[in-house]
1. For the range 108-117, does any single residue satisfy the condition of being under 22 Å from V162 (Cβ atoms) and open to solvent by 20 Å² or more (accessible area, probe 1.4 Å)?
2. Tell me the residue from E98, E39 that is surrounded by fewer than 16 Cβ atoms within 10 Å (Cβ to Cβ), under 25 Å from E127 (Cα atoms), modelled with pLDDT under 95 and out of contact with any Gly (no Cβ under 8 Å at 6 or more places or on another chain), please.
3. Kindly indicate whether F92 is without any contact (Cβ under 8 Å) to a residue 40 or more places away in the chain and closer than 20 Å to G154 by Cα.
4. With at pLDDT 95 or above and among the basic types (K, R) as the only criterion, which of R130, R151, R160 stands out?
5. Filter the range 139-198 for residues that are more than 28 Å from A126 (Cβ to Cβ) and of a type in the set (D, E) and give the result.
6. How many residues are within 24 Å of V132 (Cβ to Cβ) and assigned to a loop (DSSP other than H, G, I, E, B) if we restrict to the range 76-112?
7. Which number in (1) of a type in the set (A, V, I, L, M); (2) more than 27 Å from G189 (Cβ to Cβ); (3) at pLDDT 95 or above marks the one condition that I108 misses?
8. Step by step: first the residues of the range 238-266, then only those that are touching a residue at least 12 places away in the same chain (Cβ under 8 Å) and of a type outside the set (G, A, S), then the one that is nearest to G308 (Cα to Cα). Which residue is that?
Amino acid sequence: MRRPPLSLITAVLLLLTCPVPAAAAPLPRRPPPTGPEREMLDEAKRLLDEGRLADARDIHLTLWGLTKSASDAFRVGMLSFRLHDFERAAEFLSIYFEMVGTPDAPKIWVPPGFKESYELARANFAEARRHVGALDVRVSEPGAAVLVDGRQVGVSPLPRPVYVTPGQHRVGGQRAGEQIETTAGVDAGGERTVWLVFTRARPEAPACPPASKVVTYPVAALPPSTGGTALRWWTVGALAASSAALAAVGGVSVLEANDAADERDAAFVRAQWEVSHCRPGLPACDAYADVDGRTKTFTALSVGVFVGAALAAGGAVASGFHLAPQAKVRVGALGTAPGGGLSFSW
């Protein structure tokens, strides 16, 4: 008997040992529409034929809330684009792309002609993005409600950016009674990342038993001021500035008083040479009386402003001392050796 060739036997053995490839799993497909859904689709088609785009889109929005199907997201996005509602067009077309994948790698079953409709949706999405901005909202905690301009847009983490009109927008989050908000601006066609960070509850530190008995002797225990710290420091600064200003005015007044006193002495000498007894109406006597009045005025002014400067400086010092830290001397055992400590508290 003639033996079969060795190469043929090897090929047969390889075919028998190689696993048979499993059939590819069918892509998920939208369930057939129910009776009410079919009626709504027919009504939306009738409205679309009549040119009532907004009414037809409202029906598809309702269907989207019921089915969450890619076809309804596609129709809402395309109708919104035709209505120049570019924010909603960008939002629903981005949802559509996430659900269907690409013509080369679809995620769900797609009908014939899918590539053409996909390319048209891509073109409309690109045009819509030229008119709107995108806010990529990142939240530190999951499960927080995310709000843009007071409208809830989802729960963190958001699966996609929020498309908004160009300009400034209020972006906030709510979680377990805590609410945070910030303002973010975005240009048309641009994108901005917005961070919302919630403050975590800090765990309470465990109580530690005292190592030893400590005796506290108060050194300067002043009652805390009830006013705001910033306002009180402004008061100290204003008093100090007033004291400095008054001191400067007092110095000028002293100089003016000295000059006037010199002029008064000279006028007195001239009056003695011209007349033996001054009386009103004589030029030398009137000059003497004028400079004498100036001397007295500036002398009194310098005394007054120096008193005011001293009072303002005293007020500044008193206020600063009132704001100074209170000190307590703690005397006792520190660790295993006796000692003392000084602690400050505002």
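1. Here is the first cut: in the range 108-117, the residues under 22 Å from V162 (Cβ atoms) are none.
No, that holds for no residue.
2. Working: E39 fails: under 25 Å from E127 (Cα atoms).
Being surrounded by fewer than 16 Cβ atoms within 10 Å (Cβ to Cβ), under 25 Å from E127 (Cα atoms), modelled with pLDDT under 95 and out of contact with any Gly (no Cβ under 8 Å at 6 or more places or on another chain) holds for just one of E98, E39, which is E98.
3. yes
4. Values: R151 fails: at pLDDT 95 or above; R160 fails: at pLDDT 95 or above.
On inspection, the qualifying residue turns out to be R130.
5. E141, E178, E181
6. Count: 4.
7. Going through the list (1) of a type in the set (A, V, I, L, M); (2) more than 27 Å from G189 (Cβ to Cβ); (3) at pLDDT 95 or above, I108 breaks only (3).
8. So the residue we want is L246.
The values are calculated or read from the model by the stated rules, or taken from the named source; none is laboratory data. On a predicted model such as this, the values are computed, not experimentally measured, just so you know. Cβ atoms come from the backbone with ideal geometry, glycine included; neighbour counts cover every protein chain shown. Just the protein is used for accessible areas: all its heavy atoms, side chains included, with ligands, DNA and RNA removed. Shrake-Rupley method; radii C 1.70, N 1.55, O 1.52, S 1.80 Å.
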